[in-house]
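Input: a single structure, listed below in structure tokens.
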Amino acid sequence: MQKIVNVFALASFVVSGAVVGSGLYVYVNRASIIDGIKSQVMESVTGSLGGFGGATGGALPIGTPDLAPPADSAAAPQGSSLGLPIPGGF
């Protein structure tokens, strides 16, 4: 009976060591694991875009600056409330 208990204790020690070792491996290499996952996600996203992803060099378009109004015309005049009531103002 003692031999069976010793085998179970040894197996438990091996499993506990494997859990601690794999946790330590993930903690030490977390940056490279995250970078690998990010690159896989970006490849799958740009791959699903078809010809559009390759046309932009693999990068997704961000914003549409040609449709935005010029910066000086977007500014509201001083004291303007854009049609909203000003608290305490008449």
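None of the figures in this text is laboratory data; all of them are computed from the coordinates on show. All values reported here derive from a predicted model rather than from experimental measurement. Glycine also receives a Cβ, built like all others from the backbone with ideal geometry; neighbour counts cover every protein chain displayed.
Look at the Cα gyration tensor of the stretch 1-47: its axes a ≥ b ≥ c give a/c of at least 1.5 with a/b over b/c, and that counts as prolate. Between residue 16 and residue 39, the C-beta separation translates, for a Förster distance of 41 Å, into a calculated FRET efficiency of about 0.75.
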